[in-house]
1. Excluding Ser101 itself, calculate the net charge of residues whose Cβ lies under 12 Å from the Cβ of Ser101, where each Lys or Arg counts +1 and each Asp or Glu counts -1.
2. At what distance in nm do the modelled label points of Lys43 and Thr105 sit from each other, each positioned 7 Å from its Cα along Cα→Cβ?
3. Among 35-44, 98-107, 49-58, how do they line up by average Cβ neighbours within 10 Å per residue, starting with the highest?
4. Classify the stretch 4-140 as rounded, prolate or oblate from the Cα gyration tensor: take a ≥ b ≥ c as the square roots of its eigenvalues, call it rounded if a/c is under 1.5, otherwise prolate when a/b beats b/c and oblate if not.
5. Which order do peptides 64-72, 121-129 fall in by mean Cβ count within 10 Å, highest first?
6. Whole-Hz ³J(HN,Hα) for each residue in the stretch 67-73, computed from phi via Karplus 6.51 cos²θ - 1.76 cosθ + 1.60 with θ = phi - 60°, x for glycine and proline: what do you get?
7. If amide H atoms are built 1.01 Å from N in the plane of the peptide, which residues on other chains or at least 5 residues away come under 5 Å of the amide H of Leu66?
8. What ranking of Val48, Val114, Val94 emerges when the number of other C-beta atoms within 10 Å of each C-beta is taken as an exposure proxy, fewest first?
Amino acid sequence: MRTRRIHLINPQANSFTTRPMYFNRALYSPLAGLMAVSALISKDESEVVLTDENIEPIDFDFTCDLVGISAMTSYFKRGYEIADIFRRKGVLVVMGGIHSSFMPTKALEHADAVVVGEAEFLMSKVLEDLKQGNLNGIYKTSKLHPMSGMHLP
């Protein structure tokens, strides 16, 4: 079986609330959400590459089967721009995160699929649909995943 390449992306944040300065240096939070998503993807079937645009530029020429973008409301516009670029190149895009969970229909205008809620309950279905060539629409859960038993990033 050919290994899939999945590119997970955190868009650049340029607002004070998402990029606070301390001693003239930007402070960033670890990408816990995208690392948790990465932990849900079988390394036997997929190669996962994580890009934080706050740290390094996105390689829009990176050959991959799927791009996953997580966006908070404070930088959702950049997330949409990234999604649109990859879709124009023919790459499937899944969006998730807080903003997509609150506005899935709008996010779906820029993505092939949207994950609403916690990915722990949805990623196996998303990946199976990707494998079957049937990725689209809104994947939704209203359950909260307990912290115990979570996959380690």
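Readers should treat all values here as calculations from the given coordinates under stated rules, not as data from a laboratory. The structure displayed is predicted, hence computed values, not measured ones. Cβ atoms come from the backbone with ideal geometry, glycine included; neighbour counts cover every protein chain shown.
1. Details: positive: Lys106, Lys140; negative: Glu118.
After counting each charged neighbour, the total is +1.
2. According to this spin-label approximation, the distance is 4.2 nm.
3. Packing order, densest peptide first, comes out as 98-107, 35-44, 49-58.
4. Taking the square roots of the gyration eigenvalues as a ≥ b ≥ c, the stretch 4-140 is prolate.
5. Details: 64-72: 23.2, 121-129: 17.2.
In descending order of packing, they fall as 64-72, 121-129.
6. Karplus-based 3J(HN,Hα) across the stretch 67-73 equals 10, x, 10, 10, 9, 8, 4 Hz.
7. HN-HN under 5 Å from Leu66: Arg5, His7.
8. Val48, Val114, Val94
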